[in-house]
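The values are calculated or read from the model by the stated rules, or taken from the named source; none is laboratory data. Just so we're clear, the structure is a prediction, and the values are computed from it rather than from any experiment. Here the Cβ is made from the backbone with ideal geometry for all residues, glycine too, and neighbour counts use every protein chain on show. We work out accessible area using only protein heavy atoms, side chains counted, and drop any ligands, DNA or RNA first. Shrake-Rupley method; radii C 1.70, N 1.55, O 1.52, S 1.80 Å.
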Amino acid sequence: MKVLVLCVILLQGSQHVSAVELYEGDSVLLPCDFYTFELDDPTVVWSREDLRPSTVHQRQLEGDELTEQNQAYRGRTSMNADALDSGDLTLNLTNLQLSDSGSYTCTVRDLRMGQRRVGDVQLQVKERFPTWARVLLVLLVLLVLVVSGGLLFHFRHYFMSVPQVEVDSGVESVKLPCKSTADLPVDAKVEWTDSRDRTVHVYENGSDQPADQDQVYRNRTKMKKNLLRTGDLSLTLRHPTWRDTYTCTVYKKEGDILMEKQVELRVRVPQVEVDSGVESVQLPCKSTADLLVDAKVEWRDRRRQDGPRV
Ligand SMILES: *[C@@H]1O[C@H](CO)[C@@H](O)[C@H](O)[C@H]1NC(C)=O
């Protein structure tokens, strides 16, 4: 509640004019002093001559008399309880509105001297946040939202629980990380599966169980020695060719799941770009493994997994 009194000009006698500048929602004390002690049944009226009814607040010996109060000021005005005894006729106006701007007149009347205009106060209520400031604020908030949203999207992998591993296609092998948080019992079973629920690798009873794995992964997987002791359940996968999400699960002997973690593997596919209408294009493919004599080589497009053979 900051009251900025711009100027106080004392005019002749006790009458004075002052100006007060405030913001919406503030409260203000409009000053007025008059020696009312010797008056006969005095009445104090705060008014705005530009309003109908003009009464903002009225005080008599019996107390506040608000039947003629302008409804715009209802419940927002008060004066000291002992105003007429002390002569401090200050008006307390709360929850200021823009429409409260105007000239307030403090008038005292009594049976002997009649009516006397004691003081005028100019009140200027300003918007706390002018329109341009609101627009600017909205734009700033939007900008912050868009930028932080973009950053979040860009760095989403850091916030998401599924870690990602990205490799170039054709690499010899990739390590899919999986660390156990728990102390693993010696009879725990560790299983890696892919998103199609195919078994990638099984470690049980203290050794790898190649018989349990899907043939797609035959001879392509390896786990560390002493993995139950070290808790390092990472899987080394040879010749990663497609993107997939792998799940590393640890079971207790009874089959309850002790831990489950996922890793997303992304394989960067090489791009070959040609102009339309060229005679031919070469799609590169180099095997890193020694191929067996009876190996079969097959090219497919990926519109369908089991699509037409090329
Ligand atoms: C003005 O009136 C309000 C509401 O009655 C009150 O909370 C506030 O303390 C008053 N201000 C002063 C300076 O008396």
- Of all residues in the range 77-87 being open to solvent by 50 Å² or more (accessible area, probe 1.4 Å) and of a type outside the set (A, V, I, L, M), the one that is nearest to the ligand (Cβ to nearest atom): Asn80
- Inspect the range 61-76 for any residue being away from the ligand (no atom under 16 Å from the Cβ) and either assigned to a strand (DSSP E or B) or not assigned by the TED database to the domain that holds Leu111 (or both) and give the result as yes or no. no
- Query: Does Ser169 satisfy being within 28 Å of Val269 (Cβ to Cβ) and surrounded by fewer than 18 Cβ atoms within 10 Å (Cβ to Cβ)?
  - Reply: yes
- Message: Any residue at all in the range 34-49 that's at pLDDT 95 or above, open to solvent by less than 70 Å² (accessible area, probe 1.4 Å) and within 16 Å of the ligand (Cβ to nearest atom)?
- Response: yes
- Message: Step by step: first the residues of the range 16-25, then only those that are within 16 Å of the ligand (Cβ to nearest atom) and crowded, with 18+ Cβ neighbours inside 10 Å, then the one that is nearest to Arg117 (Cα to Cα). Which residue is that?
- Response: Val20
- Message: Residues that are at pLDDT 90 or above and touching a His at 6+ places or on another chain (Cβ under 6 Å): does the range 117-128 have at least one?
- Response: yes
- Task: For Ser54, work out the one condition from (1) touching a residue at least 40 places away in the same chain (Cβ under 8 Å); (2) more than 14 Å from the ligand (Cβ to nearest atom); (3) among the hydroxyl-bearing types (Ser, Thr, Tyr); (4) surrounded by fewer than 20 Cβ atoms within 10 Å (Cβ to Cβ) it doesn't fulfil.
- Result: (1)
- Message: Here's a check for you: in the range 89-133, which residue that is open to solvent by less than 20 Å² (accessible area, probe 1.4 Å) and not in a strand (DSSP E or B) is nearest to the ligand (Cβ to nearest atom)?
- Response: Leu96
